[in-house]
Every structure is written in C-alpha cells, then in structure tokens.
Amino acid sequence: MGLKRALYEILRFELLWKLAFLFFLNPLFDGAYQTYVSTAGLSFNGDILWTFLSLKGGVVFLLLFFAAAWLVFYEYSVMIRIAALCRQGEGCPLGQVMRASVWDLGLLRGWSLAAGSIYYILLLPLGVTGYISTAVPHISIPWFVFGEMQKTTLGVVGIVVFQGACYLAHLLLLFVPVDMVLRRRRFGQAVRGSLGCWKQLGWRDRLSVIGLHIVWNWGSTELSRYWRRNLLGNSDFDSNFLKYLFYSEAFRKDLAYWAFLTLLQTVAMAGFIYFLIGVLNRTGTARASLQPAWGRDGAAAWDILTRHCAAWAARWRGRMRTRRWRAATAAVCLALAVSLLLNIQRPLPVHRPMVIAHRGGEGRVENTLEAVLSAAEQGADYAEIDVQLTSDGVPVLFHDSSLWRMAGRGEGIGDLTWEQVQEIPLEDSQYPGMTARIASLEEVLEALREVPGGMGLLIELKPAAFGSEALSNAVIELVERTGFGERAMFMSLDYLCLLPIMERHPEWWTGYCAYSVAGDIDDAVWRYQVDFLAVEEALVSNRLAVQAGELDLPVYVWSVYDSEKMMQYLEMGISGIITDYPAEAVSVLEAYRGSHPGKEYQWAEDGLPNREELGSW
C-alpha cells in the first residue's frame, strides 16, 4: 500500500509541478534569457560564447544555472519526501510536503551550490536513469559531434570513454539526492555518503541496484527504438502552443507521445526512488519529516507570507462573485481568444521540400566527383559540398581543416597547390578499400552540366583564416563562367564569406549555416540578408519552424540520418533535409507528398524561387 500511495501522490505533485513550470516558471526563465540576449545581439555558432564572456553575461548565466539547479533539486526533494513518508506509513499532505521541501534548498548553498548544480544540471540529465526533472529532462550531445568522431578510431575510443565515465559516475552517485534530503546533508557530504553506501551494502543489494539501473537503460533504449522522433522540449510549451496544436501535424503526434512518456517515466521514477530509500535505510537511519528545518525567524516569515497569500486569495474570490468582475474577466478572456485566432494563421512555406545529399551521395568517398554524381543518381535535388582554396587559388572539394582523417597527412588544403592535391589519394572509413582523389569545383560544375535531371549544388564555403574574400571571388568566377548560378545555393559558417556573393549576385540563393544560436530567430535575422538557414538538428524545434515561417525564411536541417526524424521535420514545415542517405530521404519525401496532396507553397514551381515572380518575398 505504501508504494501505491507514493505513486498516487507523486503523480499528483508532478502534474501540478509540470503545469506550473511549463506555463509559468519556464516563461520567466526564457524571458530573462531572451531579454539579456537581445541586448547583446543575435549571435550564431562560436560567437555565442562571447555573448556570455562579460561580467553581465557571466552573472546572467550563473543566476539562471543556479536557479535551474534549485528547481531540479526541489522537485526531487518533494518526490523523495513523499516516497519516504509513505514508506514510513505516515501521512503526506501535499501542501505540507511542498512547504517543508522549500527549506531543503538551503542544502544547496556555497560550494555545494556550484558542485551540486553540475551534478543536477549536467550529470543526471546525461545519464537519464532514475531521476528525470521537469526543468532539465535530458541533455544530449549533438549528433554531428559524435558522427564526426565515429569516423576515426580515436574518436570511437573517446565516445566509449566519455559514455562509460558518465555511466560510472551516475551509478556511484546514485544515492546523492536521497541522502541529501533524508539525512539533511550538503552536497559534498552526500557524495561521500553515496560512496559509503555502496561500501556498506551487501552483494545482493549492490546487484539489485545495478540490475535496476540496467533494466531502466534497457527500457529507455527500447522506447527510443520505437519512437525515433525528437521529443518535445520545454521550449515547445510557449505562447505559440495553440498555434502548434492547430497547425503542426508533427506537434500533435509528438504531444501525445510526450504525455504518454511523461506518465510512464513518472511512475518508473516514483518506484525507483521508493526502492532506493529502502536500500539506503539498510545502511543507517534515513527518515523524512513534515516539519521544515527552519529557525524561529524563518517560521515567522513563512507564517506572515502564508497569511498574506490566504487573505489575497479570499479577496479575489469575493470579487469574482460580483457581476462586474465576472464581466471584466469574460471580456479579457474573449479578447485573448480573438487575439489567438487572429494570430494563429500560419503563412505558406516558401517552396516545396527538397532532399540535399550531404557531401554527395551514399556509397562513394565524401566530397568527390563520384559522390556528387551518385547523389544525382539517387534522386537528390541538391548535393551539398564543402569548398576550400588551395595555396595557388583553386577551389576544391574538401571538408576538414587538415588531411589527417582522409589521407593521413597533417597539412591543410591551403598549404598545398592544386598539382600537389591531385596526387593525394583519399580514403573513407565508411567504405574500406575504396579510394578517390580530390576534385576541383570546376570539374564538378562541368560534369553536372551534362547530367540529366538538373540536380543543383549547395556549396558551403569554408575559408581559411583571412581568406574569405579570395575564396568567394574564386567561386563566383567559376559559377559565372559555367552559367551554374540558377542551380546553385551558397552557404557558410562565416557570414563575411557570403558578402561578395550577395553584392555581386543578389539574385543567387545564399544562406547562413548554424550549429548553435543565442536567442530566438527574430526580425534581427534580416540584417544578415540571407535567403535560408541551414541548421544542425539540435536547433530544430517547433518555435524555430514557426519563427522562420513567419519570416518567409526556408530552413534546411543537417545532417539527418533517421527516416522518422525526416518525416517529423517535414511535418513541422522544414524546407530541406540534408542527409548522408539521399535515396532514403527521397522515399520519405515521396511518402510525405502522397499524404499531403493539396499542400500549397508560395513558389509552386520546381527549383528555387524567383524573386521577381514571387513578388514581395
């Protein structure tokens, strides 16, 4: 009965807590963050670091970081106290439990706050075993980081070591939250207590805890195999919630799964905490109390605050009984409803979704002529290629800053002449035994002119230090000479590299490539004068899709490996899928078009929009 009651009370608390956090606390946090970021200016990629490398930025970051840690710890504290009281066979009125848990926040102060914040905000969400908070449910390393690391043996070893270290640390410190709450210990003491707990436990208890840990991870893995789409995040529960609900097919599906998963995780977490408390009790006394750990001054202050809140609530209830206040409330609600209806309409996407082959098509060494031709054979609309400049000014296809991964050499493309580059054989770890040579951009443009079907190129410019203008001019000259401008798009992580293209050919399609951004995409993005955004998967959200749509800004996502996520992005309104598997993406896109036959776009023709014909866009 104790476990059953604990499940019920924890579910009741979690429902109230999630509603309060998602629709009140999270908007406050987000508002504070966005207010600061807007004063610092919209920043992409590496520039976001400078947004917080100042006294004001550092203070804002630390305040938000520590506040999030307090919220996470408070949520765990309430659940642990409920489970402990139910295990003790005592009553656990939710209001009293929540008030008593407020004073547990004093355990996170001083050095305990700094170390505890790292534990609660970074380590636990990385492990995602047993403890899942509302404020920071999980943290994932962007796949493009692991994807690049997996291409080298050293990178694979690094991934294994990192994940193993996180798993071991999470397991050793598993008792820290329970120890802090039930034994009233600061974070450092609780760490020593958790390690001591492992020493005192018998082998049967140790194996039980490890077994439960393994079962949790196995269950999580199976769920992620079943539902491969990205999960909804806290940012999806914002002022555009109703707009997502009405107009986003992806959001409705993801919201239903989010509700199911949240319920399942809450039940599992309640049982997990209940079990851990029983194990901890075998190493010493660990009891919960409804009496808050406060002094006389604290008790008096709390009593005064409680009486003031009760009096305010009574006055508000009294006013609501009068017709005047009822009419005023109804008028406000009606105004809000009208405002929502007027602003809920979502503009049409700029153009039809496209498949873009990342570094060329599957089955060939990346960024080579063969890979580009393979992308055309597999039905891609565009092939994405990376272009760098040799020391004698020839644009060639290559991604990395050095030749080490592909050729086992330490030089970069900019250190070698075109003649030297041609003599270097390339190898790709994904295709053992296959070799190729570095291709020039001119070779690729000439070859594509002869390929039927008119596949285009998404050319990413990767300039070396102080060489952005030279690279841009060399690419412009080649595209002009081959007449490939109407079938080419241009993007770069370096915005300055795009300026010569914009100035000399404003009719060409240019975009900014981003793997991180500080703040929301808003009207300030127009100072970049880009035609599209190419963003890394970790940046994709319903908020981004809506904001970009309202700005008539197509978004292309890189690099997408899973067909379920491809469909999810298309349902969100994303305009392009950049993937290593173009043939699979073509199949997904055909399925999407088949299920949305009446879908309308601002530019209904094939290919890139024409500004003159599109009008005001």
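The values are calculated or read from the model by the stated rules, or taken from the named source; none is laboratory data. The structure presented is a predicted model; accordingly, all values stated were derived computationally and were not measured. Backbone-built Cβ (ideal geometry, glycine too); neighbour counts: all protein chains shown. Just the protein is used for accessible areas: all its heavy atoms, side chains included, with ligands, DNA and RNA removed. Shrake-Rupley method; radii C 1.70, N 1.55, O 1.52, S 1.80 Å.
Extension gain, residue 207 to residue 192: 0.36 nm times the residue separation minus the Cα-Cα distance gives 3.4 nm. Taking the Cα centre of region 498-555 as origin and assigning +1 to Lys and Arg Cβ atoms and -1 to Asp and Glu Cβ atoms, the resulting dipole is close to 120 debye. Charging the Cβ of each Asp and Glu at -1 and of each Lys and Arg at +1, and nothing else, the dipole of region 1-138 about its Cα centre rounds to 340 debye.
For region 351-498, the gyration tensor built on C-alpha atoms gives an oblate shape. Its axis ratio a/c (a ≥ b ≥ c) is at least 1.5, and a/b is not larger than b/c.
Contact order for the chain, expressed relative to its length and based on alpha carbon pairs under 8 Å spaced 6+ residues apart, stands at 15 percent. Shape summary: region 84-150 maps onto an equivalent ellipsoid whose semi-axes, from the alpha-carbon gyration tensor, are 33, 17, 9 Å in decreasing order. Note on the chain: with neighbouring protein chains present and a 1.4 Å probe, carbon and sulfur make up 60 percent of its accessible heavy-atom surface.
Taking a ≥ b ≥ c as the square roots of the Cα gyration tensor eigenvalues, with a/c under 1.5 meaning rounded and otherwise prolate when a/b beats b/c, else oblate, which class fits region 172-215? In terms of gyration-tensor shape, prolate. Among 510, 285, the sequence by solvent-accessible area, most first, with a 1.4 Å probe is 285, 510. The convex hull around the C-alpha trace of region 49-109, projected and averaged over every direction, spans 5.1 square nanometres.
Summing Cβ point charges (Lys, Arg +1; Asp, Glu -1) relative to the Cα centre of region 334-479 gives a dipole of roughly 760 debye.
Restricting region 424-484 to GluC sites (Glu not before Pro) that sit in a DSSP loop and have at most 13 other Cβ atoms within 10 Å of their own Cβ leaves 450.
Annotation note: trypsin sites (Lys or Arg not before Pro) in region 63-120 located in DSSP loop regions with a Cβ neighbour count of at most 15 within 10 Å are 109. Dipole orientation for region 111-244: of the candidates 116, 126, 142, 116 has the Cα lying most toward the positive pole (charges on Cβ; Lys, Arg +1; Asp, Glu -1). Using the alpha-carbon positions of the chain, Rg (one decimal) and Dmax (whole number) come out as 28.2, 88 Å. Which aspartates and glutamates, if any, have their Cα less than 18 Å from the Cα of residue 565, not counting same-chain residues under 8 positions apart? Straight-distance partners of residue 565: 222, 236, 249, 254, 536, 537, 580, 584, 590. Here's the list of aspartates and glutamates a cross-link from residue 4 could span, going by alpha-carbon distance under 15 Å and ignoring same-chain residues fewer than 8 apart: 90. Short-range pairs are left out: with C-alpha atoms under 8 Å and at least six residues apart, the relative contact order of region 550-597 is 40 percent.
Angle of helix 26-40 to the longest C-alpha principal axis of the chain, folded into 0 to 90 degrees and rounded to 10: 40°. Helix 55-87 and the long axis of the chain differ in direction by around 50°, with both axes built from C-alpha atoms. Shape of region 513-611 from the C-alpha gyration tensor: oblate (a/c of 1.5 or more and a/b not above b/c, with a ≥ b ≥ c the square roots of its eigenvalues). In the context of the full protein assembly, residue 231 retains an accessible surface of approximately 80 Å², using a probe radius of 1.4 Å and ignoring ligands and nucleic acids. Calculated from the alpha-carbon coordinates, region 134-292 shows an Rg and a Dmax of 19.5, 56 Å respectively.
Normalised radius of gyration (Cα atoms, divided by 2.2 N^0.38 Å) for region 55-201: 1.19.
Extent of region 1-109 along its three principal axes (Cα atoms, max minus min coordinate, largest first): 55, 27, 21 Å. Projecting the Cα atoms of 382, 197, 53 onto the charge dipole of the chain (Cβ charges, centred on the Cα centre) puts 197 farthest toward the positive pole. Only one residue of 413, 274, 162 has its Cα farthest out toward the positive end of the dipole of the chain, where Lys and Arg carry +1 and Asp and Glu -1 on Cβ, and that residue is 274. Taking 381, 400 and ordering them by how much accessible surface each has at a 1.4 Å probe, largest first, produces 381, 400.
With respect to the chain, whose longest principal axis is taken over its alpha-carbon atoms, helix 323-343 is tilted by about 20°.
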